[in-house]
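A short write-up of the structure that comes next.
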Amino acid sequence: MRIVSGGVTDLGRVRTNNEDCFRIVESLNLFVLSDGMGGEAHGEVASEMAVETIVKHCTEAQSDAGATMMGNSESTWSEKTKRLTSAVHLANKTIYDSAEAHPEQHGMGATVTTAWIDGSRLSIAHVGDSRAYLLRGGTLQQLTSDHSLVAEQVRRGILTAAEAEESEMQSVLLRALGALPDIEVDTEEHSVFARDILMLCCDGLTRMVTEPEIAGTLQAETDPTRAAEKLIALANERGGVDNITVIVVRVGAESQGWFSWLFGGARRRAARNGAAGGM
Amino acid sequence: MAKLSLMFEEKTVKEVPVGSRAVSIGRSPDNDLPVDNLAVSNYHARVYFEGGRLVVEDLDSLNGTFVNDLRVERATLHDGDSIWIGKHHIKVDASGDAPVPWDTGRKASAPRINETMVLDTRARREMLQQAAATGERVQFAAGRLKVPTLIVIGGRTDQKEYMLTNKLTVIGKSAMATVKVKGWFKPPMAAQINQREDGYYIGPGDKMPTVNGTPITGPVRLNDGDLIEVSGVRMNFVFRE
């Protein structure tokens with residue numbers, strides 16, 4: 001499947017430093033987004049450490065399939081899903097160990113939301129309150145669960161969704177990278193369909209912009225980078241109280257029906273011959 | 001001999017010795033140490049000796065087992081330790097077993113307002129206990145797990161029944177669809193059923209499905225027994241026990 005993507009990070013209107021970090025590895029269709037926490041610029045250290053560790057682990061595994069896996073994985077998962085989950089475990093340990101070794105870094109941590117598209121399979125690994133959304137057939141679906149106190153209270157029926165939005169406890173996380181030596185990682189596998197749009201974002205977007213606005217922007221703006229910029233502009237219009245980071249990934253439309261099968265097939269054959277001739 | 005004491009507000013409610021056999025703890029009355037509270041799973045945890053060490057093991061309980069302040073799946077117990085199950089406290093007497101002070105060595109600095117922070121284990125435990133006290137619904141749901149199922153009553157599909165075990169279900173002709181619709185001119189993705197935190201929602205794909213005869217344009221929450229029609233396929237959505 002043809003995949004186009006773009007990502008943008010922004011300071012917002014209130015913060016003086018950007019603790020978010022993201023990376024798009026186009027050659028792998030790997031997408032990583034992290035929101036750091038911890039005073040004195042250590043949030044930046046944590047989120048960058050998370051992103052770098054995950055990208056490095058996944059990239060290295062491309063050439064070394066036997067590289068050590070960290071954490072538990074289910075036998076039904078694909079190699080890429082296992083690898084991505086392992087990478088998040090490794091990122092947790094890297095941040096935790098660094099905070100243990102450097103007293104000034106105590107308390108630093110990071111959220112991380114990652115997606116890896118391999119053929120028609122989408123792997124998601126996630127910790128914290130950043131989010132992955134899927135827009136499919138006009139329906140926006142949140143793929144990840146927020147590991148925040150208020151989200152857990154909503155799940156347990158203590159708070160309503162409306163009360164959660166008003167809560168002063170929104171910044172309290174139950175799970176984040178770097179807090180404990182071991183961590184539970186949420187992992188999911190899904191099939192990818194033509195015209196799916198995937199979006200990763202930090203809470204700096206979702207606290208300012210509603211889900212219908214996100215869906216509308218993703219549908220209206222077909223260029224991934226411009227869609228990310230528009231969402232960030234909207235969050236800043238509303239006050240931009242936190243750093244804002246958005247990655248948009250669009251899966252290309254697949255040709256379908258016997259007509260395009262005939263002609264698309266011919267094109268593919270020509271492309272293959274061309275590639276073979278060029279080698 | 002080691003023993004476990006179930007405490008309630010500093011009073012001992014029950015004591016059981018730990019011998020060669022494991023001591024089971026849970027809400028069900030056939031446990032060695034029954035704890036009658038909705039926040040406690042039927043078979044919540046067990047305590048036993050392994051290689052001369054006293055061990056507590058959580059049995060996949062809903063609300064978790066805590067040793068002192070730490071949520072554990074499995075942990076070695078020391079004399080004077082406290083096991084927390086729901087709001088109940090079990091004192092560990094492992095006389096002869098050298099006590100080891102428990103300390104993470106990490107002190108969270110006071111969070112600044114508006115700064116994102118991670119809850120430490122004590123606060124988390126208290127939150128979970130508080131949640132458990134009001135979370136009867138969750139307990140009952142866990143006891144009788146209901147599996148959402150699609151039963152095909154008309155049209156051509158690759159199966160007659162589908163258990164919706166994934167968060168995202170696609171109905172269509174695509175090879176990746178969960179419910180594979182057969183026949184000419186069927187769309188690759190006719191409709192979708194997505195799991196959200198409060199239930200299952202059907203949404204359009206390339207076609208507009210109907211639920212109980214009413215066409216839907218956006219996600220609609222499905223109820224037990226709903227009739228779904230899309231692309232010439234008729235299905236009942238039911239919760240199976």
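Translational diffusion coefficient of segment B:33-72 (Stokes-Einstein, Kirkwood radius from Cα pairs, 25 °C, 0.890 mPa s): 223 µm²/s.
Exposure proxy shown here: for B:Thr149, A:Thr111, A:Thr206, the number of other Cβ atoms within 10 Å sets the order, fewest to most, as B:Thr149, A:Thr206, A:Thr111. A Gaussian network model of chain A, with springs between Cα atoms under 10 Å, assigns the largest mean-square fluctuation among A:Gly36, A:Gly138, A:Gly240 to A:Gly138. Site pair A:Thr222 and A:Thr16 shows an inter-label distance of 4.5 nm when each label is modelled 7 Å from Cα along Cα→Cβ.
Between A:Gln62 and A:Thr210, the contour length at 0.36 nm per residue exceeds the Cα-Cα span by 49.5 nm. Counted over segment A:47-151 with a bin width of 5 Å, the fraction of Cα pairs per bin, in whole percents, is 2, 12, 19, 22, 19, 14, 8, 3, 1, 0. Computed per residue of chain A from DSSP H runs no shorter than four, each worth -39500 (n - 2.57), the mean residue ellipticity at 222 nm is -12500 deg cm²/dmol. Relative to the longest principal axis of the Cα atoms of chain A, the long axis of helix A:211-220 makes an angle of roughly 30 degrees. Each of A:Met70, B:Met163, B:Met1 was scored by other Cβ atoms within 10 Å of its Cβ. Listed from fewest to most, they are B:Met1, B:Met163, A:Met70.
Near the amide H of A:Asp186, within less than 5 Å, lie the amide hydrogens of A:His126, all on another chain or at least 5 residues away, with H placed in the peptide plane.
When chain A is treated as a GNM, springs tying every alpha-carbon pair under 10 Å, which of A:Ala161, A:Ala215, A:Ala46 comes out with the largest mean-square fluctuation? Evaluated over chain A, the most mobile residue of the options is A:Ala161.
For the peptide A:149-161, the mean number of other protein chain Cβ atoms found within 10 angstrom of a residue's Cβ is 4. Here the calculated FRET efficiency for A:Ala233 and A:Ala41, from their Cβ-Cβ distance with R0 = 30 Å, stands at 0.70, rounded to the nearest 0.05.
Under a 5 Å amide H cut-off, with hydrogens placed 1.01 Å from N, A:Arg121 pairs with A:Val192 among residues at least 5 apart or on other chains. In order along segment A:81-87, the phi-based Karplus estimate (6.51 cos²θ - 1.76 cosθ + 1.60, θ = phi - 60°) of 3J(HN,Hα) comes to 5, 4, 5, 5, 5, 4, 4 Hz; Gly and Pro are listed as x. Each residue of segment A:22-35 was assigned a 3J(HN,Hα) from its phi angle through the Karplus expression (A = 6.51, B = -1.76, C = 1.60, θ = phi - 60°), giving 8, 8, 10, 9, 4, 5, 10, 6, 10, 10, 9, 9, 9, 10 Hz with x at Gly and Pro. Based on C-alpha pairs under 8 angstrom that are at least 6 apart in sequence, segment B:33-75 has a relative contact order of 32 percent.
Taking every residue in A:165-173 and counting other chain Cβ atoms within 10 Å of its Cβ, the average works out to 3. Normalised by residue count, segment A:163-221 yields a Cα convex hull volume of 141 Å³ per residue.
Going down the table (A:Lys82/B:Lys173; A:Lys82/B:Lys180; B:Lys146/B:Lys173; B:Lys160/B:Lys182; A:Lys56/A:Lys80), which pairs top 18 Å between alpha carbons? Violating the 18 Å Cα-Cα cut-off are A:Lys82/B:Lys173; A:Lys82/B:Lys180; B:Lys146/B:Lys173.
How big is the gap, in Å, between the Cα center of segment B:1-51 and the Cα center of segment B:175-198? Going from one Cα centre to the other spans 48 Å. Taking other C-beta atoms within 10 Å as the exposure proxy, B:Thr76, B:Thr157 rank B:Thr76, B:Thr157 from fewest upward. The relative contact order of chain A, computed from alpha carbon pairs under 8 Å that lie at least 6 residues apart in sequence, is 25 percent.
With 10 Å bins from zero, work out the P(r) of the protein assembly as shown over every alpha carbon pair and list the percent per bin. Over the protein assembly as shown, the share of Cα pairs per 10 Å bin runs 4, 16, 24, 25, 18, 9, 3, 1, 0 percent. In loop segments of segment A:1-82 as defined by DSSP, the GluC sites (Glu not before Pro) with at most 12 further C-beta atoms inside 10 Å of their C-beta are A:Glu26, A:Glu40, A:Glu74.
Look at the stretch B:180-190: the mean tally of other chain Cβ atoms within 10 Å of its residues' Cβ atoms is 1. Candidate cross-link partners of B:Lys91 among the lysines, defined by an alpha-carbon separation under 26 Å and a same-chain spacing of 8 or more, comprise B:Lys3, B:Lys11, B:Lys14, B:Lys107. Rg of the Cα atoms in segment A:98-159, relative to 2.2 N^0.38 Å, amounts to 1.52.
Backbone geometry of segment A:154-167 corresponds, through the Karplus equation with coefficients 6.51, -1.76 and 1.60 at θ = phi - 60°, to 3J(HN,Hα) couplings of 5, 4, 8, x, 7, 10, 8, 4, 5, 5, 4, 5, 8, 5 Hz, x marking Gly and Pro.
Only the coordinates and a few stated rules stand behind these numbers; no lab work does. In this text, all values refer to a predicted model and were calculated from it rather than measured experimentally. Heads up, the Cβs are rebuilt from the backbone with ideal geometry, glycines too, and the neighbour counts pull from every protein chain shown.
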